Amino acid sequence: MAALGIVFDAPENGTGGPQGAKRPIDLDLLQKQTMGDPALETEVLQLFARQARCCVLEMASGDRATIVATAHRLKGAAGAVGALDVSDAAEQLEAMPGDAARMARLHAAVTVAENFILKLCR
């Protein structure tokens with residue numbers, strides 16, 4: 001997997017922990033989803049990063065029903081690319097859409113995943 005070498009060279013994974021810490025994207029799951037195609041991995045991750053940012057913006061300006069629907073959509077997309085922290089945070093927000101702490105956790109998880117994706121795709 002082309003992205004794997006870059007990940008090992010990165011000084012941190014974006015979560016503030018050492019390299020051995022859990023990565024924001026499960027690269028093994030991503031590789032299975034893309035059948036090991038490095039170009040497809042990059043394309044899928046870039047699409048996910050854009051979608052995740054759009055979802056966060058949509059939820060920030062939306063009502064309760066919009067937050068629930070968007071969190072659900074983000075949960076599925078994140079799970080499909082291996083962004084498991086984003087998926088979990090979206091699931092938590094979907095269950096309690098008015099909770100500011102859950103919204104903040106989702107924003108943080110998306111930011112960490114975006115930064116990780118940017119490092120992989122540079």
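Bear in mind that the values in this text are calculations on the coordinates, not laboratory data. The shown structure was predicted, so the numbers you read here are calculated from the model rather than taken from an experiment. With ideal geometry, Cβ positions are generated from the backbone for all residues, glycine too; neighbour counts draw on all protein chains shown.
Within the shell defined by Cβ-Cβ distances under 12 Å, the residues around Leu84 carry a net charge of -2, with Lys and Arg each +1 and Asp and Glu each -1. Computed from phi, the 3J(HN,Hα) profile of segment 66-72 under the Karplus parametrisation 6.51, -1.76, 1.60 (θ = phi - 60°) reads 5, 4, 4, 5, 6, 4, 5 Hz, with x in place of Gly and Pro. Sorting 106-116, 35-45 by average packing, meaning the other beta carbons within 10 Å per residue, from highest down gives 106-116, 35-45. Distance between the pseudo-spin-label points of Ala65 and Gln33 (7 Å out from Cα toward the beta carbon): 2.9 nm.
For Asp26, nonlocal amide neighbours, meaning residues 5 or more places apart or on other chains whose placed amide H falls under 5 Å from its own, are Ala83, Leu84.
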